1. All but one of (1) closer than 24 Å to Asn42 by Cα; (2) in a helix (DSSP H, G or I) hold for Arg282; which doesn't?
2. Hey, any hits in segment 274-281 for a residue that's at pLDDT 95 or above and not aliphatic (A, V, I, L, M)?
3. Looking at segment 18-36, which of its residues are surrounded by fewer than 18 Cβ atoms within 10 Å (Cβ to Cβ) and more than 19 Å from Ala104 (Cβ to Cβ)?
4. Scan segment 280-299 and report the pairs whose first residue is closer than 9 Å to Lys237 by Cβ and whose second residue is assigned to a loop (DSSP other than H, G, I, E, B), with Cβ atoms within less than 8 Å and a gap of 6+ or a chain change.
5. Please verify whether segment 76-96 includes one or more residues that are under 20 Å from Val215 (Cβ atoms), more than 18 Å from the chain's Cα centre (by Cα) and either buried (at least 21 other Cβ atoms within 10 Å of the Cβ) or of a type outside the set (Phe, Trp, Tyr) (or both).
6. Would you tally the residues in segment 31-60 being aliphatic (A, V, I, L, M) and over 23 Å from the mean Cα position of the chain (by Cα)?
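The values are calculated or read from the model by the stated rules, or taken from the named source; none is laboratory data. Only a predicted model underlies this, so the values are computations on that prediction, with no experimental measurement involved. For neighbour counting, all protein chains shown are included, and Cβ atoms are generated from backbone atoms with ideal geometry for every residue, glycine included.
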Amino acid sequence: METMKRVSVIIPHYNGEQILRECLKSLRKTRYPNLEIIVVDNHSSDNSVAMLRSEFPEMLILTMSENYGFAGACNYGIETASGDYLLILNNDTIHKSDFIHKLAAYLDEHPHVASVMPKILSYHQKEYFDYSGASGGMMDQYGYPFARGRIMEDIEKDLGQHNKPMNVFWCSGTAFLIRRSVLKEIGLFDMLFFAHMEEIDLHWRLYLRGYKAAVLPSAVVWHHSGWTLPPDAYLKKYLNHRNNLIMILANYSGANLLRFGIPRLLLELLSSFYAIFRRDVRRFAAVYAALFWIIRHPMLVLSKRRKSQALRKRSDAEIMPFLYPRSIALDYYLKKKKNWKKIAPYFKGN
C-alpha cells in the first residue's frame, strides 16, 4: 500500500566524515517521497560539520555542545523531527533505495506493530549478516541478546533462510522505523545508557506497553559494524554489561526479577571466569565494573524501574513467548546450538 506519511531519518554522528558522506549519498538515492533527514553531530572533532554544510545543505544539521552518546543524540533528533514515523539510522550504513518505503508501508499495514527493522548485512562481507541485529533482534530470559542470523560470535551467510517477516523482541539501533505516537507513550532512549543496549531497553518498554516489533527482511541495509567503538574496546564491553543489567532490573516484574536475576548474576560471574580463561582482561574488568556501578547507584536504578513498571499493560507471562526460554549462552557453548534452526522451535511469539 502506498504511504505518504512523513518519515524523519535521525542519524547520530561522532567523527568519521567519510563514512557519513557515504551514508548520506546512499540516502539521497532513496525513492521515498516524504522524507526529512536530520544529522545530529555529537561534538565531532573532525571536519564533519563543515562537510555537512558544504555537501548536504538540504539536510537538517544539529550540533551538540558535547558528546551525549547515541541515546542523547537520537533524543535530540527525535525532539526536533516532524515525521509521523522516525527512522533511527547509524551513520555507517548504506541502503537499498526502497528500504524506507518498505518499512513505512509495513507499519501502515500492521497497526499492532510499533517498530520495524530491515535485514542488516555486513558492509565488508555483503553476503553475510551483520553482527548488530542481522535479521531480527532476540533475547533470552536472562537478558542476553542475539539475533536471527547471528548467535553469539557465529554469523550466518545470507542464503535467504531468514527472509520471512516475523515478530522480534528488539529492533537494532543500526536501523529501525518507529511510530512517533508510541514514543510519546513509552518515552525516548534512556540517557543513563549513553550507548549500547538502549534500543533493547526501549523495545522492552514497548512490549510492556502492549505493542510488538518486527523485522522486514525485504528491506535491506549494509552496516560497518563497530565503526564508532571497536568490538574489543573496554568501554563497549563495560556499557554492554552495565546497561544490560540495568534494563533487567528495570523491566522485569518483581517475581521474575528474582527468578531470572539471581541466575543472571551467576552467569555474569561465569562470564568473568571465562574471560580470564581466554585472557580477555578487558571483559573481566568490564563485568566487575558494571556490577560495582549497579551497587553504587541503587536510586538511579530504582527510579528507572518505577518509570518502566508504570508503563505496564502487558504481563511478563504475555511477553515471555517472545523470549528464548533458556540460556542462549549455555546452549551455545555447552550444547552447540549455533544457528537459528536449532533454537527457533522454542519461540511462540509468532
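1. (1)
2. No.
3. Within segment 18-36, Gln18, Arg21, Glu22, Lys25 qualify.
4. If the second residue must be assigned to a loop (DSSP other than H, G, I, E, B), the pairs left are Arg282/Asp232; Arg282/Ala233.
5. Within segment 76-96 (the criterion being under 20 Å from Val215 (Cβ atoms), more than 18 Å from the chain's Cα centre (by Cα) and either buried (at least 21 other Cβ atoms within 10 Å of the Cβ) or of a type outside the set (Phe, Trp, Tyr) (or both)), the answer is yes, since at least one residue qualifies.
6. 6
Here's the yes/no breakdown for (1) β-branched (Val, Ile, Thr); (2) modelled with pLDDT under 95; (3) farther than 18 Å from His95 by Cβ:
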residue: Lys119; (1), (2), (3): no, no, no
residue: Ser132; (1), (2), (3): no, yes, no
residue: Gly137; (1), (2), (3): no, no, yes
residue: Asp140; (1), (2), (3): no, no, yes
residue: Asp154; (1), (2), (3): no, yes, yes
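For (1) within 23 Å of His95 (Cβ to Cβ); (2) surrounded by fewer than 19 Cβ atoms within 10 Å (Cβ to Cβ); (3) touching a His at 6+ places or on another chain (Cβ under 7 Å); (4) outside the structural domain of Ser45 (by TED's automatic domain parsing), each residue gets a yes or a no:
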position: Arg180; (1), (2), (3), (4): yes, yes, no, no
position: Gly187; (1), (2), (3), (4): no, yes, no, no
position: Met191; (1), (2), (3), (4): no, yes, no, no
position: Glu199; (1), (2), (3), (4): yes, no, no, no
position: Leu206; (1), (2), (3), (4): no, no, no, no
position: Ile246; (1), (2), (3), (4): no, no, no, yes
position: Asn256; (1), (2), (3), (4): no, yes, no, yes
